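Enquirer: Sharing a structure here in structure tokens format.
The values are calculated or read from the model by the stated rules, or taken from the named source; none is laboratory data. What you are looking at is a predicted structure, and each value in this text was computed from that prediction instead of being measured. Cβ sites come from the backbone with ideal geometry, for glycine too, and all protein chains shown count toward neighbours. When the accessible area is computed, the model is the full protein with side chains, heavy atoms only, and any ligands, DNA or RNA have been set aside. Shrake-Rupley method; radii C 1.70, N 1.55, O 1.52, S 1.80 Å.
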Amino acid sequence: MPIYEYQCRDCSTLFEHLTTSSQDSETPKCPKCASRHVQKRISASAMRVGKKGTSLPVAGSPCSAPSGFS
Ligand SMILES: [Zn+2]
């Protein structure tokens, strides 16, 4: 089961969110400030297997600078 790492854009809290296939598009809330302005990060373990096999629902390059979400 994929674990995604998110970072809150409001308070910079890093947290992990376990996604299930049925809730894949659900945006988690920040556990600290309850903001939904969170940015998905790819965890290290996901990156290791992510290049091949699984097609990750990546909505943008994880390495590029954040571009204009707001
Ligand atoms: Zn927050």
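Enquirer: Out of all the residues in the range 8-31, which are touching a Lys or Arg at 6+ places or on another chain (Cβ under 6 Å) and either near the ligand (Cβ under 9 Å from one of its atoms) or modelled with pLDDT of 95 or more (or both)?
Expert: Hits for the range 8-31 are Cys11, Thr13, Lys29.
Enquirer: Please find, within the range 34-46, the residue that is modelled with the lowest pLDDT out of those that are under 13 Å from Gln7 (Cβ atoms) and either open to solvent by less than 60 Å² (accessible area, probe 1.4 Å) or more than 8 Å from the ligand (Cβ to nearest atom) (or both).
Expert: Across the range 34-46, the extreme among qualifying residues is Ser43.
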